Amino acid sequence: MVVNRHNLRWRFPLIALMVLGLGACATPPLAPPDPLGPQVTPRAAAAAMEPPPTEQLWGGVIVGLQNRSDHTRIEVVSYPLRQQEPLTERMTNGRFLLEVSGFLDPLDHRSGRRITARGPVSRTETGWIGEVKYLFPVMDAREYHLWPEGSPRERGSGAVRFGVGIGIGL
């Protein structure tokens, strides 16, 4: 079989572009909120003193965990999300309590791990951060995702990002 070098020259870049294109279409780990409605921060939900009317997608860093008889309660410091992953380099969005059915191992879900969850916010609850009284929104997790340890930067994320935009200069 004879290989035509001319055909290989254009095939390799085409295959590389197809692989990058398929990687860019990767889906996030959690389904979008159902129904998709206005998203608010935990701080805004606590300030409103009533739960938002639609499911929320919140994420952040685990501060503490308590296993109870039928569910686990996780205290989370909230951060803005990019592709559902908490951006811990940014300012926090407040704190929230995440309730998950059943038992979660405290070793796997230890303080400092990043987590993203989707579900309805059922209520607010008063708690304490040190000696300061704090109003926590409480999310009932329909699903959640525990992120690998370390930030994407620390993990050496080699992700290639492309963007398309239109600029207007004045």
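The values are calculated or read from the model by the stated rules, or taken from the named source; none is laboratory data. Remember, it's a predicted structure, so these values are computed and weren't measured experimentally. Please note: Cβ atoms are built from the backbone with ideal geometry, for glycine as well, and neighbour counts cover all protein chains shown.
Applying a threshold of 9 Å to beta carbon distances and a minimum spacing of six or more residues, or different chains, the list of pairs starting in the stretch 118-135 at a residue that is modelled with pLDDT of 95 or more and of a type in the set (D, E, K, R) and ending at one that is surrounded by 14 or more Cβ atoms within 10 Å (Cβ to Cβ) and not in a strand (DSSP E or B) reads Arg118/Leu30; Arg118/Pro33; Arg118/Glu55; Arg118/Gln84; Arg118/Ala141; Arg118/Arg142; Arg123/Pro51.
Checking each residue in the stretch 41-62 for being part of a strand (DSSP E or B) and either touching a helix residue (DSSP H, G or I) at 6+ places or on another chain (Cβ under 7 Å) or under 16 Å from Thr126 (Cβ atoms) (or both) picks out only Trp58.
Within the stretch 69-104, being in contact with a strand residue (DSSP E or B) (Cβ under 9 Å, 6 or more places away or on another chain) and of a type in the set (D, E, K, R) holds for Asp70, Arg73, Glu75, Glu85, Glu89, Arg90, Arg95, Glu99. The set of residues in the stretch 106-140 that are in a loop (DSSP other than H, G, I, E, B) and touching a Leu at 6+ places or on another chain (Cβ under 9 Å) comprises Pro106, Asp108, His109, Arg110, Ser111, Arg113. The set of residues in the stretch 43-91 being touching a residue at least 12 places away in the same chain (Cβ under 8 Å) and among the basic types (Lys, Arg) consists of Arg43, Arg73. Name the single residue that is nearest to Pro28 (Cα to Cα) among those in the stretch 63-105 being part of a strand (DSSP E or B) and among the basic types (Lys, Arg). Taking the candidates together, the pick is Arg82.
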